[in-house]
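Have a look at the structure below, then the notes.
Nothing in this text is a laboratory measurement; each read-out follows from the coordinates by a stated rule. All of these numbers come straight from a predicted model, not from anything done at the bench. Glycine gets a Cβ as well: all are built from the backbone with ideal geometry, and neighbour counts include every protein chain shown.
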Ligand SMILES: NC(=O)c1ccc[n+]([C@@H]2O[C@H](COP(=O)([O-])OP(=O)(O)OC[C@H]3O[C@@H](n4cnc5c(N)ncnc54)[C@H](OP(=O)(O)O)[C@@H]3O)[C@@H](O)[C@H]2O)c1
């Protein structure tokens, strides 16, 4: 039997079924016809060394055993090392026969210069890397880069996608994100930004047609959270319309990432987006447009793992640590599918995945946090 090359509805349903008696029902959520765990493993942080590579390899394998089937990385995370650690861990999981490719959702990103294995040691080394990797082979031009580090031309993305597939040892990634596309707005007009976005989406739709990605999206930091009048603001509605112009209703711009945590709740609280001329929150617009939302930085890069105010404990009962409470907040956010948390430490994997047996907080428990008394 030939192996499926991507996550599928059947495969992810089978993964969910493995945990039927072990996790709360709502730990898995169905979106884009896939069953996704409410906690996903991210891989942004950590040293660029062999010890951290090995820690991520082990963390990925343990997380898969404990009910996490969403794994997020990016070409530039730890200078391609995070993708390669994922690649090794996933290859081992699949080769052992314990898990199938169709059960696991793998997401990665392109846009930033990834470098290779370690950061450049000087400006000269950086320029040499760009020259050798991108300029001489004719992949892009120096002025395709914004702020000297971010590019989203079709040829650059095509190169980066191939590199990610190699690193991950996969034939298809489930979601390919444009990484922080709002970076472009530091140097180009909104009109030019949407022109570039459209060209990127044209390429990404061809990558879908070629079977190299299932969906694409935008993984952002400020873009979707800042006020509508700020320069870096991204309109989810306009971005979705751009995908619609490229591929019509069945476009594959289906998954987005933004920070959502106790200290950065804008996606839920701020009406800085719009939908059909009404002001809306980001999560409302995403729900209307059938776009899956994944939270990044669920622990605010570990700063929410201790010292939370007493009210958080009161709202999210039955949990033992502040990290668990912070994660419970994010995974309980209405309209959000997966809370990504960076985990290279196996103790953190166990602590964080242990909340899978708890149902997400109810709307009334969640909203208590936002009530004045
Ligand atoms: N713009 C973007 O696209 C963007 C931006 C940021 C993040 N992301 C994605 O979202 C993921 C999550 O965000 P993040 O990694 O930046 O931040 P995060 O998830 O808020 O925090 C990760 C940090 O928290 C630590 N940690 C995890 N569980 C813990 C626990 N139970 N107790 C104490 N510390 C704990 C981790 O340590 P160990 O590693 O030692 O386990 C790591 O240092 C990223 O990894 C990345 O995949 C995307």
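Give me 35, 142, 221 ranked fewest to most by other Cβ atoms within 10 Å of their Cβ, as a rough exposure proxy.
Neighbour counts put them in this order, fewest first: 142, 221, 35.
Taking the Cβ-Cβ separation of residue 58 and residue 244 as r and a Förster radius of 51 Å, what is the calculated FRET efficiency to the nearest 0.05?
The pair residue 58/residue 244 has a calculated efficiency of 0.75.
Nearest-5 percent of antiparallel DSSP beta bridges in the chain?
Rounded to the nearest five, the antiparallel share is 30 percent.
Using a basic spin-label model with each label point 7 Å from the Cα along Cα→Cβ, how many nm lie between residue 65 and residue 143?
Simple spin-label model gives 5.5 nm for this pair.
Sequence gap at least 6, Cα distance under 8 Å: using those rules, report the relative contact order of the chain to the nearest whole percent.
So the answer I get is 19 percent.
Run the numbers for residue 127 and residue 362: contour at 0.36 nm per residue of separation, minus the present Cα-Cα distance, in nm.
Extending this stretch completely gives an extra 79.4 nm.
Assuming R0 = 22 Å, what is the FRET efficiency of residue 169 and residue 50, from their Cβ-Cβ distance, to the nearest 0.05?
0.75
Working out 0.36 nm times the residue gap between residue 26 and residue 229, then minus their Cα-Cα distance, what length gain in nm do you get to one decimal?
Stretched out fully, the residue 26 to residue 229 stretch lengthens by 69.4 nm.
Per residue, what volume in Å³ does the Cα convex hull of the range 13-172 take up?
It comes to 124 Å³ per residue, whole-number rounded.
Using bins 10 angstrom wide from zero, how does P(r) for the range 164-309 break down, in % of all Cα pairs?
Result returned by the calculation: 11, 39, 35, 13, 2.
If you stretched the chain out fully between residue 5 and residue 301, how much longer would it get, using 0.36 nm times the residue separation minus the C-alpha to C-alpha distance?
Between residue 5 and residue 301, full extension yields an extra 103.4 nm.
Would you mind ranking 192, 232 so that the residue whose beta carbon has the fewest other beta carbons within 10 Å leads the list?
192, 232
With labels modelled as points extended 7 Å from the Cα through the Cβ direction, what inter-label distance (nm, one decimal) is found for residue 92 paired with residue 191?
In this crude spin-label approximation the distance works out to 5.4 nm.
Would you please state the base-10 log of I(q)/I(0) at q = 0.09, 0.11, 0.13, 0.17 1/Å for the range 229-373, with intensities from the Debye formula using one equal scatterer on every alpha carbon?
-0.31, -0.46, -0.63, -0.96
Sticking with the crude label model, points 7 Å out along Cα→Cβ, report the distance from residue 117 to residue 310 in nm, one decimal please.
Calculated label separation equals 5.5 nm.
Just round it to a whole percent: the fraction of Cα-Cα distances in the range 260-340 exceeding 22 Å.
In whole percent, the share of Cα-Cα pairs in the range 260-340 beyond 22 Å is 28.
For all pairs of alpha-carbon atoms in the chain, what percent lies in each bin of width 20 Å, listed from the first bin to the last filled one?
30, 60, 10, 0
Rounded to whole Å, give me the distance from the Cα center of the range 184-208 to that of the range 4-47.
30
Distance from the Cα centre of the range 230-258 to that of the range 127-157, in angstrom?
24
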